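Have a look at the structure below before the remarks.
The values are calculated or read from the model by the stated rules, or taken from the named source; none is laboratory data. Here the structure is a predicted model, which means the values were calculated and not measured. Note: ideal-geometry Cβ built from the backbone for every residue, glycine included; neighbour counts use all protein chains shown. Areas reflect the complete protein model, heavy atoms only, side chains present, ligands, DNA and RNA absent. Shrake-Rupley method; radii C 1.70, N 1.55, O 1.52, S 1.80 Å.
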Amino acid sequence: MKLYSAPGTCATAMHIALEWIGKPYEVEHVDFPTMKSEEYLKLNPSGVVPTLVDGDLALPEGMAILLHLLDQNPQANIGPAAGTADRVHLHRWLAYLSGTLHPYFWPVFMPMRFTTDANGYDDVKAAAKQLVDKALTQIDQHLEGRDWMVGETKSVADAFLYAMASWAYGFKKPTSEYKNIDALVRKLAADPAVQQVHAAQGTSPKVPVAA
Ligand SMILES: N[C@@H](CCC(=O)N[C@@H](CS)C(=O)NCC(=O)O)C(=O)O
């Protein structure tokens, strides 16, 4: 299996899932021009990371990759099995992370894609940060009294949240103010698989990790 990723992006979650599974895999970190290259667009027509290549399958879309990895590796304990009640909740939260929280961040990082007014970038970012706050608040409330997003153990949903929640630590209202999300990020930052991913990326967790 080969994952196309870029340091600090949402693809961090798929990289964590591969580490949790523990089977051999390869990661290629691609830069922006490579994501838009003719060759890469054949694998991922959107020109973004992640893409997972698994045999003949070239699979874009982080949520689809996480579900594929989960279903192909039932022994890895990275999420509930199909047909269980927890699996339904997993679908719900993966959809929310992929389809709601993630797009709320896009205008923060790429305001030029959301307005044709070059003077409007700050307003676009401010509006997007309000939406990020709305989504993080909802997730934080969901996590009240829970250790993990779904069920009693860590799952691919936690890895997905880890990647995205990490983006907001530098915001005016930082991730650390969402105490349940912050606790989950801190737990995962101490996970050896997550540390391995950071080492491979040349990145660091956004939270201090106990020695
Ligand atoms: N719907 C896609 C979105 C992926 C996405 O937006 N990836 C970002 C990194 S977090 C990216 O590669 N952006 C480059 C670009 O938008 O040009 C998914 O969930 O996999």
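If you go through the range 30-57 and pick out every residue that is open to solvent by less than 40 Å² (accessible area, probe 1.4 Å) and touching a strand residue (DSSP E or B) at 6+ places or on another chain (Cβ under 6 Å), you end up with 7. Out of everything in the range 202-211 that is open to solvent by 20 Å² or more (accessible area, probe 1.4 Å) and not basic (Lys, Arg), what residue ends up being modelled with the lowest pLDDT? Checking each candidate, the answer is Ala211. Of all residues in the range 13-27, those satisfying the criterion of being of a type outside the set (A, V, I, L, M), touching a helix residue (DSSP H, G or I) at 6+ places or on another chain (Cβ under 9 Å) and open to solvent by 10 Å² or more (accessible area, probe 1.4 Å) are Glu19, Trp20, Gly22, Lys23, Tyr25. Of all residue pairs spaced 6 or more apart or on separate chains, none has beta-carbon atoms under 8 Å together with a first member in the range 183-199 that is modelled with pLDDT under 95 and a second member that is among the aromatic types (Phe, Trp, Tyr).
Of the helices (runs of 4 or more DSSP H) lying entirely inside the range 106-210, those carrying at least 1 residues that are of a type in the set (A, V, I, L, M) and touching a His at 6+ places or on another chain (Cβ under 8 Å) are 156-165, 192-201. Tell me, please, whether a residue that is among the hydroxyl-bearing types (Ser, Thr, Tyr) and closer than 18 Å to Thr175 by Cβ can be found in the range 118-126. No, the range 118-126 has no match at all. Among the residues making up the range 60-97, those that are near the ligand (Cβ under 10 Å from one of its atoms) and open to solvent by 20 Å² or more (accessible area, probe 1.4 Å) are Pro60, Glu61, Met63, Ala64.
Scanning the range 1-36 for residues that are away from the ligand (no atom under 12 Å from the Cβ) and assigned to a loop (DSSP other than H, G, I, E, B) yields Met1, Gly22, Lys23, Pro24, Tyr25.
Looking at Thr100, Thr116, which one is surrounded by fewer than 16 Cβ atoms within 10 Å (Cβ to Cβ) and either away from the ligand (no atom under 12 Å from the Cβ) or within 18 Å of Ser5 (Cβ to Cβ) (or both)? Result of the check over Thr100, Thr116: Thr116.
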